[in-house]
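Report on the structure given below.
The values are calculated or read from the model by the stated rules, or taken from the named source; none is laboratory data. None of these values were measured; they are calculated from a predicted model. All Cβ positions, glycine included, derive from the backbone under ideal geometry; neighbour counts span all protein chains shown.
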Amino acid sequence: MSNKNKFGFAPVETDTPTQRNRSVGPMGAAIRDTAESLTESTEAKVEQRRQNAEDAKTYRSAQADGLVLSRVSLSEVHIDDLPRDRMELEAVAAADEMEELKSSIRARGQKEPVELYEGADGRLQIKKGWRRFTALSQLFAETQDDAFATIIARVERSEERRLSRYIDMVEENVVREDLTFAEMAQVAITAADDLGVDERDPQALVGVLYAALHKVKKSYIRSFVSLLMYLGGDLQWPKSVPRNVGVDAARRLKAEEGAATDLKQRLRAAATPDAQNEVLRSFVAAPSAAPKKPVKAPKQKFEFHVGDTKITARQGECRIVSGVDYASVPKRQLEQAIKAFEEILRSEAGPRVRDL
């Protein structure tokens with residue numbers, strides 16, 4: 001049978017189509033690899049930049065909060081902005097304990113960082129670690145060794161309430177029980193005089209500065225606040241005052257107005273801490289010069305019955321309870337009954353009854 005159609009045309013014969021080889025050649029593979037590598041590298045760099053920015057932000061925040069350790073030159077550190085929580089700083093600097101601390105730093109280096117803050121004038125000030133700063137300063141002055149010329153510190157540069165700095169200053173020593181009651185009281189007094197602190201009452205500041213302490217210890221501190229405020233500089237060795245002596249002396253000074261004048265004169269004559277404390281003990285033990293309040297006689301009363309009427313008698317009062325409706329009794333009749341009652345009391349009780 002002919003393959004031609006009625007028009008005489010035969011079907012067009014076509015070759016079987018061949019599949020195009022789409023495999024990547026060496027050059028294409030190299031270009032593709034390069035493009036993929038560039039994309040991955042770009043994404044990695046973007047992620048790295050993002051991480052670096054996040055790390056920098058975290059670091060700046062930690063640095064502002066004083067969480068980053070820095071090595072600071074001793075010459076950049078000052079101690080004149082925040083009053084210290086210790087009395088007799090010169091004696092502390094020359095004490096045996098300071099020599100022990102210097103020996104430790106000389107042998108092992110500074111192990112505990114101090115805490116600094118940036119003052120209003122931009123200078124770095126000591127908040128915690130006055131003893132470590134003093135020990136390093138003495139070591140550098142004695143040896144001129146550069147190993148002691150710097151101090152490891154946390155530097156807080158953020159804005160902070162001044163009262164919070166007082167709290168931070170005393171916190172470490174309070175936890176270590178390294179401050180006397182007199183020193184803790186003096187911090188409260190000093191803070192109350194600080195214009196940067198809103199609270200002006202040192203007694204109230206005791207509760208803020210030493211919030212973590214037991215209420216009994218806070219009561220002792222408040223007693224020493226009173227003692228220091230009563231006696232001022234005439235109490236020459238406040239750190240040496242025993243707790244009970246100080247508390248009892250403060251209580252008596254509060255109870256006896258004017259007693260501080262004589263006590264201050266006697267304290268000025270004391271030549272030693274022991275002599276001072278003996279003056280305080282004798283003051284506490286001496287008989288009180290304050291007039292004693294009259295002792296009130298205990299209240300007395302008695303009750304009895306007259307028929308169905310109950311009578312209750314006490315100082316200044318006689319109560320009658322019965323079933324009678326006294327509101328319905330004419331006023332004139334009640335007045336006559338009361339006058340008769342008073343007349344009988346006057347005539348039979350005599351001087352024991354006041355004029356009625």
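Taking the range 241-274 as the region of interest, how many residues are among the small types (G, A, S) and surrounded by 15 or more Cβ atoms within 10 Å (Cβ to Cβ)?
Keep residues of the range 241-274 that are among the small types (G, A, S), which gives 246, 249-250, 255, 258-260, 269-271.
Subsequent filtering for residues that are surrounded by 15 or more Cβ atoms within 10 Å (Cβ to Cβ) retains 246, 249-250, 259-260, 270.
Number of matching residues: 6.
Residues that are more than 25 Å from L67 (Cβ to Cβ), of a type in the set (A, V, I, L, M, F, W, C), modelled with pLDDT of 90 or more and assigned to a helix (DSSP H, G or I): does the range 107-120 have at least one?
Looking through the range 107-120, at least one residue is more than 25 Å from L67 (Cβ to Cβ), of a type in the set (A, V, I, L, M, F, W, C), modelled with pLDDT of 90 or more and assigned to a helix (DSSP H, G or I).
Return the pairs, sorted by first residue and then second, in which the second residue is part of a loop (DSSP other than H, G, I, E, B) and among the charged types (D, E, K, R), the first residue lies in the range 305-316 and is over 15 Å from F341 (Cα atoms), the beta carbons are less than 7 Å apart, and the residues are 6+ apart or on different chains.
R314/K299; Q315/K299
Is it true that some residue in the range 124-136 is touching a residue at least 60 places away in the same chain (Cβ under 8 Å) and on the phi < 0 side of the Ramachandran plot?
yes
Go through the residues of the range 55-71 one by one and say whether even a single one is modelled with pLDDT of 75 or more, over 30 Å from V206 (Cα atoms), surrounded by 15 or more Cβ atoms within 10 Å (Cβ to Cβ) and over 26 Å from the mean Cα position of the chain (by Cα).
The answer is yes, given that some residue of the range 55-71 is modelled with pLDDT of 75 or more, over 30 Å from V206 (Cα atoms), surrounded by 15 or more Cβ atoms within 10 Å (Cβ to Cβ) and over 26 Å from the mean Cα position of the chain (by Cα).
Are there any pairs, at least 6 apart or on different chains, whose C-beta atoms fall under 6 Å, with the first in the range 215-241 and more than 12 Å from L267 (Cα to Cα) and the second hydrophobic (A, V, I, L, M, F, W, C) and in a loop (DSSP other than H, G, I, E, B), and if so, which?
K239/M87
Within the range 154-165, is even one residue hydrophobic (A, V, I, L, M, F, W, C), in a helix (DSSP H, G or I) and within 26 Å of A204 (Cα to Cα)? Give the derivation first.
From the range 154-165, those hydrophobic (A, V, I, L, M, F, W, C) are 155, 163; that's our starting set.
So of that shortlist, the ones also in a helix (DSSP H, G or I) come out as 163.
Filter once more, so that each one left must be within 26 Å of A204 (Cα to Cα): 163.
Checked against the condition, which is being hydrophobic (A, V, I, L, M, F, W, C), in a helix (DSSP H, G or I) and within 26 Å of A204 (Cα to Cα), the range 154-165 yields at least one hit.
Restricting to the range 78-106, what's the tally of residues that are in a loop (DSSP other than H, G, I, E, B) and not hydrophobic (A, V, I, L, M, F, W, C)?
7
Select, from G232, G246, the only residue that is assigned to a helix (DSSP H, G or I) and on the phi > 0 side of the Ramachandran plot.
The unique qualifying residue is G232.
Out of the residues in the range 139-166 meeting the condition of being modelled with pLDDT under 90 and surrounded by fewer than 18 Cβ atoms within 10 Å (Cβ to Cβ), tell me which one is nearest to V77 (Cα to Cα).
Only one residue fits best here, namely R157.
Those residues that are surrounded by 11 or more Cβ atoms within 10 Å (Cβ to Cβ) and either among the basic types (K, R) or modelled with pLDDT of 85 or more (or both), I need them from the range 340-356; list them, please.
If the condition is that a residue be surrounded by 11 or more Cβ atoms within 10 Å (Cβ to Cβ) and either among the basic types (K, R) or modelled with pLDDT of 85 or more (or both), then R346 is the only one that fits.
Look at the range 206-229 and say how many of its residues are assigned to a loop (DSSP other than H, G, I, E, B) and of a type in the set (A, V, I, L, M, F, W, C).
Selection size over the range 206-229: 3.
Does G25 satisfy being small (G, A, S), modelled with pLDDT under 70 and either in the same structural domain as D121 (by TED's automatic domain parsing) or in contact with a strand residue (DSSP E or B) (Cβ under 9 Å, 6 or more places away or on another chain) (or both)?
On the way: small (G, A, S): yes; modelled with pLDDT under 70: yes; either in the same structural domain as D121 (by TED's automatic domain parsing) or in contact with a strand residue (DSSP E or B) (Cβ under 9 Å, 6 or more places away or on another chain) (or both): no.
Taking the combined requirement at face value, the residue does not satisfy it.
Would you check if there is a residue in the range 198-212 being under 17 Å from M98 (Cα atoms), in contact with a helix residue (DSSP H, G or I) (Cβ under 9 Å, 6 or more places away or on another chain), surrounded by 15 or more Cβ atoms within 10 Å (Cβ to Cβ) and in contact (Cβ under 8 Å) with a residue 12 or more places away in the chain?
No, the range 198-212 contains no residue that is under 17 Å from M98 (Cα atoms), in contact with a helix residue (DSSP H, G or I) (Cβ under 9 Å, 6 or more places away or on another chain), surrounded by 15 or more Cβ atoms within 10 Å (Cβ to Cβ) and in contact (Cβ under 8 Å) with a residue 12 or more places away in the chain.
In the set R86, R132, which member is closer than 24 Å to G196 by Cα and surrounded by 13 or more Cβ atoms within 10 Å (Cβ to Cβ)?
Being closer than 24 Å to G196 by Cα and surrounded by 13 or more Cβ atoms within 10 Å (Cβ to Cβ) holds for just one of R86, R132, which is R86.
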